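Participant: Take this structure, written in C-alpha cells, and hold onto it; I'll ask about it next.
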Amino acid sequence: MRGSVLPSVQMKKSLAWRPQLMRDIMIMSKSRPRPALRRPTWIIALVSFICVFLILAYFYPPKNSAACYLFSSSGCSMFGRTPPGPARELTDDETASEVVVREILKTPPLQSKNPKIAFMFLTPGTLPFEELWENFFQGHEDKFTVYVHASKQKPVHVSRYFADRDIHSEQVVWGKFSMVEAEKRLLANALLDPDNQHFVLLSDSCIPLHNFDYVYNYLMYTNVSFIDCFVDPGPHGTGRYSEHMLPEVEKRDFRKGSQWFSMKRLHAIVMMADSLYYTKFKLYCRPNMDGRNCYSDEHYLPTFFNMKDPGGLANWSVTYVDWSEGKWHPRAFRTQDVTYDLLRNITSIAESTHITSEDKKQMLTTPCLWNGMKRPCFLFARKFYPETLGKLVQLFSNYTKV
C-alpha cells in the first residue's frame with residue numbers, strides 16, 4: 001500500500017515528476033498564445049504553489065487514509081498497518097488461576113531457621129541404593145527429609161534415613177497421569193514440613209553425583225526451580241498437543257521436559273493450587289489421545305510453569321539421563337559401565353542438551369548458568385541397575401569430591 005512507502009522514496013518520486021510537470025506546463029503554455037509579459041509570471045506562480053503544497057504535505061502529514069492515498073508521507077504508515085487484534089478474554093477459571101498464582105509468587109518465601117531439602121523417591125518398591133544414599137546423607141541430618149512413594153509393594157528399608165518415611169501411595173502406571181498424581185502426592189506430604197524449602201524428585205535408579213554440601217548449596221542458594229523445559233516441534237513434542245486443551249493451553253505454549261525436577265517451595269505451592277491446567281492435562285494428554293500418545297509427566301509441569309513463571313525456571317533438570325541410544329527408554333548402566341571416569345565425566349558436563357524429534361533432528365545446547373555463572377549441570381544421575389551398588393559405594397568418596 002502506498003501508505004507504507006518510506007519517506008525517502010516518496011521524496012524521490014515527488015522530485016522525479018516535477019520536471020515532467022514543468023515541461024507539460026510549458027507545452028500547454030505554447031499551445032495558447034498569451035501576452036509575453038504574463039507567461040513567465042503564470043508559470044512561476046503555479047510552480048511555486050505546487051512546491052509549497054508538497055513541502056507542507058510532507059512536513060504536516062494528512063490525518064486520514066484518503067489523503068494519504070494521494071499524498072504519501074512518513075506519518076501515513078499507520079494507515080497501512082493492520083491494528084493488533086484484541087487479547088483473548090480469559091475464562092472465569094483462567095482468571096481465578098491467574099489471581100491465585102500471582103498472589104503466591106509475589107508472597108515472600110517462608111523464612112526457616114533450619115531450611116531443608118526434601119528428597120522425594122518415586123519407586124515401585126524397595127530402593128536398591130539406600131546404602132549409597134546413606135553415605136550421602138550421613139552427618140547432615142538436620143538439612144534434609146526423605147519421602148518414599150512405593151507404588152507396587154511396601155519397600156524393605158536398610159537405611160535409618162528411609163525407615164518410616166513411606167507416604168500413602170497409589171498404583172503408578174508408566175506413561176499415564178497416575179505418574180503426575182504421585183508427584184503431587186509426594187509434594188503435598190513434603191510441604192507439611194515448613195522447613196522444607198526445596199523439593200527433589202528422584203527414582204529408584206537415581207544416584208548422587210556430588211557430596212551433600214555441594215548439592216545443598218547448589219539448590220538452596222539460587223532462586224529458580226530446575227524444571228526441564230524446551231520446544232520440540234516434532235511428533236514427540238508439539239505433535240502430542242491436542243486442541244481439546246483450548247482455550248487455556250495453546251499450541252504455541254506446549255512444552256516438553258524430563259519429569260525429574262527440583263523445585264523451590266513457592267513453585268511447589270503453585271502446583272498444589274493448580275486445578276485448571278492439571279485437569280486439562282489429565283483429560284487430554286494421555287496415551288492414545290486422538291490417535292497420539294501424550295505423556296503428562298513430560299509436558300504438564302514444563303508447559304504450566306513456562307506459562308505462569310518462565311523467569312523462575314532454569315530450563316534444565318539437575319538429574320542426568322543418557323538418551324544417546326535413541327530408544328523409548330534411556331540407557332541403563334551396568335556394573336561394567338561404572339567407572340571413576342564415567343562418573344567424573346557426567347559431573348563435569350556444563351551444557352544442557354535437548355534433541356528434537358523431527359526427521360532432521362536438531363540438537364539444542366545451552367550453558368548451565370547458576371546465578372549467572374557457568375556451572376556443572378547435574379547433581380544426580382539415572383538409570384543404574386541395582387547390581388552397580390557395590391561399585392558405586394566403593395567409588396563414592398572419590399567421584400563426589402568437588
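The values are calculated or read from the model by the stated rules, or taken from the named source; none is laboratory data. Since this is a predicted model, take the numbers as computed values, not measurements. Cβ coordinates were reconstructed from backbone atoms using ideal geometry, including for glycine residues, and neighbour counts include every protein chain displayed. Remember, those area values only see protein heavy atoms, side chains included, never the ligands or the DNA or RNA. Shrake-Rupley method; radii C 1.70, N 1.55, O 1.52, S 1.80 Å.
Participant: Can you give the relative contact order of the range 93-319 as a percent, counting alpha carbon pairs under 8 Å and 6+ residues apart?
Facilitator: 24
Participant: Could you work out Rg/(2.2 N^0.38 Å) for the range 93-319, with Rg from alpha carbons only?
Facilitator: Here the Cα radius of gyration is 1.01 times the empirical estimate.
Participant: Can you give the FRET efficiency for Glu248 and Leu191, using 1/(1 + (r/R0)^6), R0 = 25 Å, r = Cβ-Cβ distance, to the nearest 0.05?
Facilitator: It comes out at approximately 0.50.
Participant: Would you please classify the overall shape of the range 303-385 from the alpha carbon gyration tensor, given that a ≥ b ≥ c denote the square roots of the eigenvalues, rounded means a/c under 1.5, and beyond that prolate means a/b larger than b/c while oblate covers the rest?
Facilitator: Oblate, because a/c is 1.5 or more while a/b does not exceed b/c.
Participant: Mind grabbing the accessible area of Met289 for me, 1.4 Å probe, Å², rounded to tens?
Facilitator: Met289 exposes around 20 Å² with every protein chain in place.
Participant: Where both partners of a DSSP beta bridge lie in the range 93-319, what percent of those bridges are antiparallel, to the nearest 5?
Facilitator: The antiparallel proportion sits near 25 percent.
Participant: Starting from the amide H of Phe384, placed 1.01 Å from N in the peptide plane, find each other amide H under 5 Å away whose residue is 5 or more places distant or on another chain.
Facilitator: Sorted by chain and number, the residues that satisfy this are Phe333.
Participant: Additional query: Of Asp228, Asp164, Asp204, which has the most accessible area with a 1.4 Å probe, and how do the rest follow in descending order?
Facilitator: Ranked from most to least accessible, the order is Asp164, Asp204, Asp228.
Participant: Near Phe162, within a Cβ-to-Cβ distance under 9 Å, what is the net charge of the other residues, with Lys and Arg +1 and Asp and Glu -1?
Facilitator: -2
Participant: What FRET efficiency comes out for the pair Leu342/Thr366, r = Cβ-Cβ distance, R0 = 22 Å, nearest 0.05?
Facilitator: For R0 = 22 Å, the calculated efficiency reads 0.40.
Participant: Next question. In the range 93-319, carbon and sulfur make up what percent of the accessible area (probe 1.4 Å)?
Facilitator: Heavy-atom surface of the range 93-319 belonging to carbon and sulfur, 1.4 Å probe: 50 percent.
Participant: In what sequence, largest accessible area first, do Leu219, Leu369 appear using a 1.4 Å probe?
Facilitator: From most exposed to least exposed: Leu369, Leu219.
Participant: Can you tell me how the range 274-340 classifies by the Cα gyration tensor, rounded, prolate or oblate, using a/c under 1.5 as the rounded cut?
Facilitator: Since a/c reaches 1.5 but b/c is at least a/b, the shape of the range 274-340 is classed as oblate.
Participant: How many percent of DSSP beta bridges within the range 263-402 run antiparallel, rounded to 5?
Facilitator: The antiparallel fraction comes to roughly 75 percent.
Participant: Express the accessible area of the range 93-319 per residue in Å², computed with a 1.4 Å probe while the remaining protein chains stay in the model.
Facilitator: That works out to 40 Å² per residue.
Participant: Restrict the search to the range 253-329; then list the trypsin sites (Lys or Arg not before Pro) that DSSP places in a loop and that have at most 16 other Cβ atoms within 10 Å of their Cβ.
Facilitator: Filter output for the range 253-329: Lys327.
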